[in-house]
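Some notes on the structure that comes next.
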Amino acid sequence: MEEIANLFQGFATVVQPFNIMVMVVGIVLGVIIGVLPGLGGANGVAILLPLTFSMSPTSAIIMLSCIYWGALFGGAITSILFNIPGEPWSVATTFDGHPMAQQGRAGEALTAAFTSSFVGALFAVAMITLVAPLVAAFALRFGPAEKFGVYFLAFCSFVGMSKEPPFKTLAAMMIGFALASVGLDQMTGQLRLTFGFTPLLTGFNFLIAVIGLFGIGEILLTMEEGLHFKGRSAVINPRVVFQTWAELPRYWMTSLRSCVIGCWMGVTPAGATPASFMSYGIAKRISKKGQNFGNGEIEGVVAPETAAHAAGTSALLPMLALGVPGSPTAAVLLGGLLIWGLQPGPTLFVDNKEFIWGLIASMYLGNIVGLIIVLTCVPLLAAILRIPFPIIAPIILVLCAIGAYSVNNSTFDVMLMMVFGVLGYVLKKCNYPLAPLVLAIVLGDKAEESFRQSLLASQGSLSIFWSNWLVGTIMALGLIALFWSLIQEAWTRVVRATATA
Amino acid sequence: MECRRRILIRRRSHLGGNWEMADKSRGAGTTGPTHRSVEIGVAVMMIIFSLIVIGGSLQVGISWAFDGPRAGFFPFYIAVMILVASNINLYQAISAGPQVRLFAEWGQLGQVLRVVIPSAVYVALVSWLGMYVASGLLIGVFMKWIGRYGWGLVLPIAIGVPIVTFIVFEKWFLVPLPKGPIEELLGY
């Protein structure tokens, strides 16, 4: 029950006036970021990260995680009103959300979406509260080999489970690792891969990559598609909210199922986007009204939103407990921890109790505050989306440049951001996934360090990764994840063969 | 799994909402680089990148020293994996055969360049003119050139946004941004 006491202490930290203010500011900024094209959770947090350098780590993480919750909420607004998913994980929300808006039931759809997001997040936070300390306590026993095993597992799941071609995922990921290794080698103190070019001495900062790949790249994509926002207007009044709330408990089963799917997909680095699709698909198959999915069925909004928010929230669990982020945004938050001088991973739960429980408590409160803000501010937020692209795009570009500059106070980084932007545009169009690339830049140093430390211990023999049951299990899980699609294919073939025999 | 695949297809068609419109306007005369040629180009670039990394790793040594693996050990094997994966991607792109699918129309690429060129000039100007003046210029050029707005709207936004950023970053959050000759004249 020590956790409960810690959690209450965390609440005490969070309800300080300054932290509450930071929370509200974070949520509002986050929703705006989620609504704007070209700004998403990951690069929104990356751009605003430098603003938090002067804050205490606890206030800083509250602000940044609240931006993340806000962005998760905001994605639903554009999906439902404009049929434009602001974030990839809200694509599934457009299937039934936009038809509802077309039928004049936008208020109902938005209320359902926000409430389900809230439920999903709350479920995931409760899970984090209960599970994270246990995982962290377990992970304290990890040596370098086990640590590398966890990274191995995370990256293998990317290759095996992503919808992009596996060799493209692999190539993108390894480019991330290669970029991470540029600069000073931490173990030997030697410079490498700089080719005598001074600005490369400090290496590539992943924040620059995030801002460029996701921010600038997204603007270029929007420009190419020549999007014109034609949205439905929506008014949410209390009557609609309560009516919808009265209707929602009917879908408790869908909701619970989506929570579980979301948490599972969020903890494994599969992420929020596949979680929302899977949840939508299963709801469609199981529901009595499955035939009507796609024509404005409220259950079709509940399922993906719950799962996406549950996944987005539970992506923080491996980040906090193991130091392995489950999503690009979690990776940016992890980068923030390093900048504030905290060591992500299991030791956080021992050395920085106040910080970690403050964060967990802020997840509860932040989602409540978020729900209230989005329910009351929808018309205002929809108005932001109506600002024409030629006005909003250069402002986003300027914000990206400011964010990139202030990471290291370097104008070289601003140019680098532009290069990453063009790269992001081309890679995305060629179906290369960007999330593993970013995660590899973030984790590259640590993965290399644990790999080399393990090899040092074993005098260069790879057998150390199978030397005990713990590391062996992790590595085996990694290999299963890596060859997941092949295993699945073989399995269906076997089943089919026995069925025909 | 089958179900998920169906949804993914569905998702593609949903995402394609705007594409379909573009397809209709895509008459007989519209051309552009094919998807295949860009894929091949990307794979070749990655192969070149991996060779550079391999070269750099060899420079610092990829073998074992008395105190463990040398600095180039890890990046070397990473680069080898890029090389292998990119060759497979290259092979797959080539063996896909000639196809009609375009990467983008020239007109669309032109739209993209209309963002890339001012932005590239902008990031170059930042180190010379400072963040604020360069940002004002970017917003002004963008609104005038792409949005074709009148000066009555362009000027207030192009001047107002840098002033707001100055107050927010420099004054509230104490984040100093690069400044140029004009800020110097004003005494910053």
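The values are calculated or read from the model by the stated rules, or taken from the named source; none is laboratory data. Being a predicted model, the structure only gives us computed values, none of them experimental. Heads up, the Cβs are rebuilt from the backbone with ideal geometry, glycines too, and the neighbour counts pull from every protein chain shown.
List of remarks:
- Answer from A:E354, A:E297 - the residue that is away from chain B (no Cβ under 14 Å), of a type in the set (D, E, K, R) and part of a helix (DSSP H, G or I): A:E354
- Picking from residues in the stretch B:59-83 that are among the β-branched types (V, I, T) and at the interface with chain A (Cβ under 7 Å from one of its Cβ atoms), the one that is nearest to the chain's Cα centre (by Cα) is B:I82.
- Some residue of the stretch A:409-427 being touching a Pro at 6+ places or on another chain (Cβ under 6 Å), surrounded by 22 or more Cβ atoms within 10 Å (Cβ to Cβ) and among the small types (G, A, S): no
- Residue, surrounded by the fewest Cβ atoms within 10 Å (Cβ to Cβ), within the stretch A:52-82, restricted to residues that are without any contact (Cβ under 8 Å) to a residue 40 or more places away in the chain and either among the aliphatic types (A, V, I, L, M) or outside any helix (DSSP H, G or I) (or both): A:S54
- Number of positions in the stretch B:163-180 that are within 19 Å of B:L129 (Cβ to Cβ) and more than 8 Å from chain A (Cβ to nearest Cβ): 6
- All positions within the stretch A:148-196 that are surrounded by fewer than 22 Cβ atoms within 10 Å (Cβ to Cβ) and at positive phi: A:G183, A:G189, A:F195, A:G196
- Within the stretch A:401-413, the set of residues being facing another protein chain (nearest Cβ under 7 Å) and over 24 Å from the mean Cα position of the chain (by Cα) comprises A:T411 only.
- Residues (part of a helix (DSSP H, G or I) and more than 8 Å from chain A (Cβ to nearest Cβ)) located in the stretch B:119-140: B:V121, B:L125, B:W128, B:L129, B:Y132, B:V133, B:A134, B:G136, B:L137, B:G140
- Failed item in (1) within 14 Å of another protein chain (Cβ to nearest Cβ); (2) in a helix (DSSP H, G or I), with A:P85 passing the rest: (2)
- All conditions in (1) closer than 30 Å to A:A154 by Cα; (2) among the charged types (D, E, K, R); (3) surrounded by fewer than 24 Cβ atoms within 10 Å (Cβ to Cβ); (4) in contact with a helix residue (DSSP H, G or I) (Cβ under 7 Å, 6 or more places away or on another chain) hold for A:K289, with the sole exception of (1).
- Evaluated against (1) more than 10 Å from chain B (Cβ to nearest Cβ); (2) not in a helix (DSSP H, G or I), A:G160 falls short on exactly one condition, (2).
- Residue list for the stretch A:428-467, filter: touching a residue at least 40 places away in the same chain (Cβ under 8 Å) and within 7 Å of another protein chain (Cβ to nearest Cβ): A:K429, A:C430, A:E448, A:F451, A:R452
- Qualifying residue in the stretch A:38-49 (condition: closer than 30 Å to A:G336 by Cα, in contact with a Gly (Cβ under 9 Å, 6 or more places away or on another chain), of a type in the set (V, I, T) and within 14 Å of another protein chain (Cβ to nearest Cβ)): yes
- Residues in the stretch B:20-47 that are surrounded by fewer than 17 Cβ atoms within 10 Å (Cβ to Cβ), modelled with pLDDT under 50 and under 21 Å from A:E225 (Cβ atoms): B:E20, B:M21, B:D23, B:K24, B:S25, B:R26, B:G27.
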